[in-house]
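Chemist: Structure provided below as structure tokens; questions to follow.
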Amino acid sequence: MKMPEPHNNKEEHYHLFSFSSGDTALKYNGEITCTEPGNILEVLKRNEIFRELMDKVEGREVVIVNQKGAIVEHFPCCLIKKDETLVIYTLPKTETPAIDGKRELEQGKEVEQGKEVEQGKEVEQGKEVEQGKEVEQGKELEQQKSTFVTFCVEAKGGKYMTGKEILKKKKHKKYSPLCIYAKHGDTVKSALESDGRFSDIVFEKTCILHEVPQNRTHIVMSTVVNSAKDRKFQIAKMEQTRKKASATTKSNISDTGFKSEGDTTQPSQSNPNSTSEEGPSVENMTQERQEIQANKKQKYIPMPDSREILQILHNQFKGLLDHMKSRYPQEKSESEVIELMREEFGKKSEGFTEVYRLTELAEVTTSVCKVEHELIEGTGFLLFDNFILTNGHLFKDEGVLVGKTLSLPTTVTFNFDTPHGSGQWKVNVKPEVVALQYGVDRWKRQVDYAILEMEIDEKFPPGLLQKYGPVPQTGGIYIVGHPDGGFKKMDYTTIIEVEQRNAAGSKHLGENQSSILLIKESIGGNELDKEFYEQIMQGKPDVLTYNTFCFNGASGSPVINPSHCQVINGIPVYGCQVIAMHTGGFSYKCKETHETQSVIEYAIPLRTILENVLVYLVETKNVQTLLKFTDVAMENPHLFELIARLIIHMVPTGKPEYTDISKRIWDTISQSGKRDEMLQLICKLN
Ligand SMILES: [Zn+2]
């Protein structure tokens, strides 16, 4: 099974746009003919003038602004309008030069790779234009575009949020508004989360989006993005209802904006007319309904007696509220109960959008397995062929490993998805470990992996190596594993950027005041842990950080980037990329609940692991496994680059035994018909 060629539809993707530097001192501008869908930064980096500009502003942060507002790096190129000019601003980077330096290095690599791709394509591009395919291509592009929705959010907070920093990076405030994109059917909340630029306060449960400039309507976070399309909002907060709880029930109800699931908008409280004795004005309500109906492309039929029905609903609501109040053992004010109800309903609609992501992720999750021996339980996943990748620290205890041989029988269990365990299968792994490294690698990066080989030699699903992708700087990620050795679970969380790590750590400490001593003891008790924790907080080791409930036993879980955009049959779909392996966290036992809690968790980028695996396989002369890896690598541009780098690494050593290994790698490359492509890439990288 091979991954579909990601860019086999390039002929159908064709559009032109320009960019210019927004920094007055830098007079760079260029035109881009995009024939291969990707995120905007990727596409820009294919252009030489842009790369020159990037060299010029090295070390500075880049902000890309389109007609509507500032866009994220992962903005799909198909949403850039024909003949649109993107303005590129740069500003000094904030903190943590150490990791930023590394990132740049990696970005630099990508640029070079981009060059490669571009060169190969230029000829083809010319052809396409000549053949006058533009009309057809326009159609394809329209199709790609139609799966997305964009809307704008101002960088400054609105009502009850004016003094708050709604962006993670303060300095970005001047590039207002932000243009947000999302897939049809996503919720506004998940769109803002995946965007990655908003700070945590935006996701507090009373936050809403006020439409600007009208400021009459607002939408809640669980609204499906389709209704936000092409609108502009300000992040605002519901009015604090607590103080007003003793006021008349009716006005209180309309104040709080309690909603049923289908309801997307409601009159703003700021409009005094809308909170009359009868509740929100009927006129306003019908206007909103009309809007909703229009979105559904249905004919709107005005509801007769809507004023009276509203009144009846309001009267019933009081009863419901009393009933709900009686369900809570402690005295709760009306506003608190409403809040709890909103939370319940809010969660429900969030769960709704998660489903399609689950379906997408299903294939990936089947490759995840539980890894165990007598002393420990962890997680692993099928990498390729019959090889399992997991954490090296699962085998660090004394007596588990003698040399490179496991002295304890170790098994992997697939399909351990239900508590009842039907359909699962358990396989022994061979005692000889294929590769194992734990600690710091030759490039002084944190590394912690083991590759095990399953004892049976059957036909397995393709494994996750083919889905390898680079670590994004921001956005949502999934972690799939077996926390506490239980059945398979999946957690959705967001990357904590380097700049945010300290804030996230402090936030956790602040929320767990009673456990502070325990936390300090747990982390500080072990010198190595303490040092590593401090390094992570300073952004030094090249790891990915986040908060997840998956900690104990989930070591070795794949970390998945769900928002990577892939094009299948001309239609962009979110593909999944496996970007890292969950490795650990800084855990302690909570004083009150006695449950294990964790301050922050981290994963090691898959790139770090794979680079080490390749060198390890060469050094142990494991040619067979190396060739199987190479075979998979031919189908994935990121892995293709890793093989190129391996060849470059092997040549100057001049070791005769390497000559034979090199030769056999080249044979595999030639068999896949990519010899010329590889040669070109090596020349570029060297
Ligand atoms: Zn494009």
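The values are calculated or read from the model by the stated rules, or taken from the named source; none is laboratory data. Fair warning: this is a prediction, and the values are worked out from it, not measured in the lab. Quick reminder, even Gly has a Cβ in these numbers, built from the backbone with ideal geometry, and neighbours come from all protein chains shown. We work out accessible area using only protein heavy atoms, side chains counted, and drop any ligands, DNA or RNA first. Shrake-Rupley method; radii C 1.70, N 1.55, O 1.52, S 1.80 Å.
Yes/no per residue for (1) under 18 Å from Val149 (Cα atoms); (2) of a type in the set (S, T, N, Q); (3) more than 16 Å from the ligand (Cβ to nearest atom); (4) not in a helix (DSSP H, G or I):
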{"position": "Leu16", "(1), (2), (3), (4)": "no, no, no, yes"}
{"position": "Ala25", "(1), (2), (3), (4)": "no, no, yes, yes"}
{"position": "Glu36", "(1), (2), (3), (4)": "no, no, no, yes"}
{"position": "Lys68", "(1), (2), (3), (4)": "yes, no, yes, yes"}
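Chemist: Of the residues that make up segment 23-35, is at least one touching a Gly at 6+ places or on another chain (Cβ under 9 Å), open to solvent by 40 Å² or more (accessible area, probe 1.4 Å) and more than 26 Å from Lys173 (Cβ to Cβ)?
Modeler: no
Chemist: Looking only at residues in segment 463-503 that are open to solvent by 20 Å² or more (accessible area, probe 1.4 Å) and among the small types (Gly, Ala, Ser), which one is farthest from the chain's Cα centre (by Cα)?
Modeler: Of everything passing the filter in segment 463-503, Gly486 is farthest from the chain's Cα centre (by Cα).
Chemist: Considering each of Lys102, Lys127 in turn, give the residue that is closer than 19 Å to Leu141 by Cα, modelled with pLDDT under 50 and away from the ligand (no atom under 16 Å from the Cβ).
Modeler: When all the criteria are applied, what remains is Lys127.
Chemist: Just a yes or no: is a residue in segment 631-647 over 31 Å from the mean Cα position of the chain (by Cα), of a type outside the set (Lys, Arg) and open to solvent by less than 70 Å² (accessible area, probe 1.4 Å)?
Modeler: yes
Chemist: Restricting segment 38-48 to residues that are among the aliphatic types (A, V, I, L, M) and touching a residue at least 40 places away in the same chain (Cβ under 8 Å), which is nearest to the ligand (Cβ to nearest atom)?
Modeler: Ile40
Chemist: Given the conditions (1) in a helix (DSSP H, G or I); (2) hydrophobic (A, V, I, L, M, F, W, C); (3) in contact (Cβ under 8 Å) with a residue 40 or more places away in the chain, and given that Trp666 satisfies all but one, which numbered condition is not satisfied?
Modeler: The one condition Trp666 does not meet is (3).
Chemist: Would you point out which residue out of Gln424, Gln446 is buried (at least 20 other Cβ atoms within 10 Å of the Cβ), more than 19 Å from Leu383 (Cβ to Cβ) and not assigned by TED's automatic domain parsing to the domain that holds Leu626?
Modeler: Gln446
Chemist: Also, quick follow-up: Hey, among the residues in segment 56-66 that are modelled with pLDDT under 90 and part of a loop (DSSP other than H, G, I, E, B), which one's surrounded by the fewest Cβ atoms within 10 Å (Cβ to Cβ)?
Modeler: Once the filter is applied, the top-ranked residue is Glu58.
Chemist: Output the number of the condition that Leu79 fails; it satisfies all remaining conditions of (1) more than 12 Å from the ligand (Cβ to nearest atom); (2) open to solvent by 20 Å² or more (accessible area, probe 1.4 Å).
Modeler: In the conditions (1) more than 12 Å from the ligand (Cβ to nearest atom); (2) open to solvent by 20 Å² or more (accessible area, probe 1.4 Å), Leu79 misses (1) alone.
Chemist: I'd like the residue in segment 49-62 that is touching a helix residue (DSSP H, G or I) at 6+ places or on another chain (Cβ under 8 Å) and over 24 Å from Ile180 (Cβ atoms) and, out of all such residues, is nearest to the ligand (Cβ to nearest atom).
Modeler: Only one residue fits best here, namely Arg51.
Chemist: Determine the pairs where a residue that is over 14 Å from Cys576 (Cβ atoms), located within segment 461-474, has a partner that is acidic (Asp, Glu) with Cβ atoms under 7 Å apart, the partner being 6 or more residues away or on another chain.
Modeler: So the pair list comes out as Gln473/Glu497; Thr474/Glu497.
Chemist: Could you tell me whether segment 141-148 includes any residue that is more than 16 Å from the ligand (Cβ to nearest atom), open to solvent by less than 30 Å² (accessible area, probe 1.4 Å) and modelled with pLDDT of 85 or more?
Modeler: No - not one qualifying residue is present in segment 141-148.
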